[in-house]
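A quick write-up on the structure given underneath.
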Amino acid sequence: MTDWWQLALLYGPAVFFGLLLVFSVVQEPRRFRNAVWLALFVLCLSSALMLDFWRDWAFIPIVLVAVFTPIVVVGFLLINTVIVVRHEGFSLSTILPALFALVMMVCVAVYPLTFYFNAARWGKGIGLLIALEGLWFFFTFAALLLYFTIYRILPRRRKYDYIIILGAGLQGTKPTPLLRGRIDKAVDLWNRQHSHGLFIVSGGQGADEEISEAEAMKRYLIEERGVPADKIIKEDRSTTTLENLRNSKVIMDRRCGLNDPVMLQNQASVDNSAASDNDENNRGISVSSSSPQAKPGRVKRMKNRMACPYRVAVVTSDYHVFRASEYARKMGLKSDGVGSHTKSYYWPTAFIREFIAISKAHFWPYAVIAVLWVTGMVFVR
């Protein structure tokens with residue numbers, strides 16, 4: 001009995017987080033918390049296995065991993081920064097890996113340094129806060145990287161009624177190589193489902209662009225990939241991922257006759273906008289990002305899915321899949337994210353940028369850590 005209780009205590013946390021992960025993924029795979037449950041499951045399971053099969057020499061590889069992993073990661077990020085800058089030029093975006101490495105070094109070193117220099121109580125407290133916030137930051141980064149890798153390879157044997165292609169910049173009037181990769185991935189998906197469904201090419205016209213991204217994508221689909229024009233719907237007003245999906249949702253809801261408040265609010269602009277061709281479904285649609293109806297509640301999202309049971313594939317670059325999928329979930333879209341290939345040297349930079357955007361949307365744990373820290377500093381002497 002004692003042995004069974006010991007095993008239960010040892011492996012219980014791993015079983016708990018494993019069941020929580022399975023339940024959460026089955027319920028909705030596009031949630032950030034799934035990454036946290038997965039990381040906690042892996043951490044608890046590996047700790048339990050280590051304790052269960054502990055040997056006297058086991059501390060050696062553990063110490064080596066603990067010491068050298070930060071050094072290897074920092075070195076990799078610095079080298080990657082040099083490679084990205086050589087290919088893409090110097091900018092805030094291209095030096096993100098180096099900035100990430102700098103933050104990592106600060107979070108690891110600042111708290112021990114407060115003891116080395118015998119800092120005052122509040123100095124040590126601030127060092128502790130930086131360490132705690134950094135611990136959560138890098139824990140969730142590793143968690144999301146692990147879950148994102150699994151999410152990308154989850155089997156999706158479905159037919160999609162709409163394939164949304166998110167814009168990614170132009171070179172003159174032509175799609176950039178990054179955008180062409182997205183379009184080609186979408187066409188491959190469309191061919192695999194025997195030309196079922198419609199494309200929604202989504203992207204507005206930037207201040208320095210001759211035409212909209214949607215128009216460039218449509219031309220590429222027709223001229224380079226042989227897609228019939230009546231299989232393509234343009235959404236040429238959006239400037240962000242959120243607007244891409246929101247405006248595309250208005251088009252899809254309108255096609256199935258759903259009386260969505262957002263659609264009704266924008267009906268006048270739809271009717272007055274000029275059609276790019278004879279298909280009335282190719283009209284540009286403008287949706288205010290500040291609309292109180294732009295982000296429907298849970299009940300409304302469920303009603304939308306029941307009224308319009310269309311399924312959507314959101315095609316974007318592989319590093320961007322999870323954030324786009326999370327946005328789609330919040331809008332009530334029944335969708336899957338599909339990623340196109342990104343050059344390997346640029347992938348770390350792109351993923352760090354995505355992680356920062358996702359962290360901003362899930363900021364409350366950082367606030368909780370800060371509140372607990374203040375409470376501890378005030379009441380613990």
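The values are calculated or read from the model by the stated rules, or taken from the named source; none is laboratory data. All values reported here derive from a predicted model rather than from experimental measurement. No Cβ is skipped: glycine too gets one built from the backbone with ideal geometry, and neighbour counts run over all protein chains shown. Accessible surface is based on the protein model in full, side chains and every heavy atom, while ligands, DNA and RNA are left aside. Shrake-Rupley method; radii C 1.70, N 1.55, O 1.52, S 1.80 Å.
Observations, loosely collected:
- ILE126 closer than 19 Å to ILE356 by Cα, surrounded by 15 or more Cβ atoms within 10 Å (Cβ to Cβ) and modelled with pLDDT of 90 or more: no
- Positions within the range 181-208 being surrounded by fewer than 18 Cβ atoms within 10 Å (Cβ to Cβ) and either of a type in the set (S, T, N, Q) or in a loop (DSSP other than H, G, I, E, B) (or both), in sequence order: ASN191, GLN193, HIS194, SER195, HIS196, GLY206, ALA207, ASP208
- Residue list for the range 29-49, filter: aliphatic (A, V, I, L, M) and surrounded by fewer than 16 Cβ atoms within 10 Å (Cβ to Cβ): LEU49
- Pairs with Cβ under 8 Å, 6+ apart, first in the range 118-135 and without any contact (Cβ under 8 Å) to a residue 60 or more places away in the chain, second aromatic (Phe, Trp, Tyr): LYS124/TYR111; LYS124/PHE115; GLY127/TYR111; ILE130/TYR111; ALA131/TYR111
- Considering the range 1-28, and only residues there that are of a type in the set (Phe, Trp, Tyr) and open to solvent by 70 Å² or more (accessible area, probe 1.4 Å), the residue that is nearest to the chain's Cα centre (by Cα) turns out to be PHE23.
- Listed by first and then second residue, the pairs linking a residue in the range 360-381 that is open to solvent by 50 Å² or more (accessible area, probe 1.4 Å) to a residue that is of a type in the set (A, V, I, L, M, F, W, C), with Cβ atoms under 9 Å apart and 6 or more places separating them unless they lie on different chains, are ALA361/PHE32; LEU372/LEU132; VAL374/LEU129.
- Residues in the range 83-98 that are surrounded by fewer than 14 Cβ atoms within 10 Å (Cβ to Cβ) and either among the charged types (D, E, K, R) or at negative phi (or both): ARG86, HIS87, PHE90, SER91, LEU92.
- Residues located in the range 153-180, provided they are part of a helix (DSSP H, G or I) and either under 24 Å from MET252 (Cα atoms) or among the charged types (D, E, K, R) (or both): LEU179, ARG180
- Residue within the range 61-69 that is among the hydroxyl-bearing types (Ser, Thr, Tyr) and under 24 Å from the mean Cα position of the chain (by Cα) present: no
- Hey, THR149 outside any loop (DSSP other than H, G, I, E, B) and out of contact with any helix residue (DSSP H, G or I) (no Cβ under 7 Å at 6 or more places or on another chain) or not: yes
- For the range 294-336, a residue qualifies if it is at pLDDT below 85 and within 23 Å of the chain's Cα centre (by Cα), and the qualifying residues are ALA294, LYS295, PRO296, GLY297, ARG298, ARG301, MET302, ARG305.
- Positions within the range 135-169 being open to solvent by 30 Å² or more (accessible area, probe 1.4 Å) and modelled with pLDDT under 90, in sequence order: THR149, ILE150, ARG152, ILE153, LEU154, PRO155, ARG156, ARG157, ARG158, LYS159
So that you can scan it fast, the table gives a plain yes or no per residue for (1) among the small types (Gly, Ala, Ser); (2) part of a helix (DSSP H, G or I):
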| position | (1), (2) |
| --- | --- |
| THR316 | no, no |
| HIS320 | no, yes |
| ALA328 | yes, yes |
| LEU333 | no, no |
| TYR366 | no, yes |
